[in-house]
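Derivation of every value follows stated rules applied to the coordinates shown; laboratory data play no part. The structure presented is a predicted model; accordingly, all values stated were derived computationally and were not measured. A quick note on method: Cβ atoms are made from the backbone with ideal geometry, for glycine too, and the neighbour counts reach across all protein chains shown.
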Amino acid sequence: MKRRILKNVRGQTLGYLDTDDQGRIWDKDPHGRLVGRYDPKDDLTLNVRGEIKTHGNSLSSFLTGKFKD
């Protein structure tokens, strides 16, 4: 699994994006807790409960506060 670290302009970690070998991306908060995921096969962003939030990849919205779950 490949990991990207998301940071703000001050260098603080906002969260992590982990990509598996099938291209699915798992969005985790700074503590490593799952907050959402993106499935490129279906082109959907889902929250931690599996509810559809958007079409396309909108994972950073979980970490910036756009989506409140």
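Listed residues Arg3, Arg10; which is charged (D, E, K, R) and in a loop (DSSP other than H, G, I, E, B)?
Unique residue meeting the criteria: Arg10.
Restricting attention to segment 3-51, which residues are charged (D, E, K, R) and farther than 17 Å from Ser61 by Cα? Don't jump to the end; show me each part of the working.
Step one: of segment 3-51, the residues charged (D, E, K, R) are 3-4, 7, 10, 18, 20-21, 24, 27-29, 33, 37, 39, 41-43, 49, 51.
Across segment 3-51, the qualifying residues are Arg3, Arg10, Asp20, Asp21, Lys41, Asp42.
Restricting attention to segment 15-47, report how many residues are surrounded by fewer than 16 Cβ atoms within 10 Å (Cβ to Cβ) and either part of a strand (DSSP E or B) or of a type in the set (A, V, I, L, M) (or both).
Total meeting the criteria: 3.
What pairs come up if the first residue lies in segment 2-13 and is in contact (Cβ under 8 Å) with a residue 40 or more places away in the chain, the second is among the aromatic types (Phe, Trp, Tyr), and their beta carbons are under 9 Å apart, counting only those six or more places apart or on different chains?
From segment 2-13, the pairs are Leu6/Tyr16.
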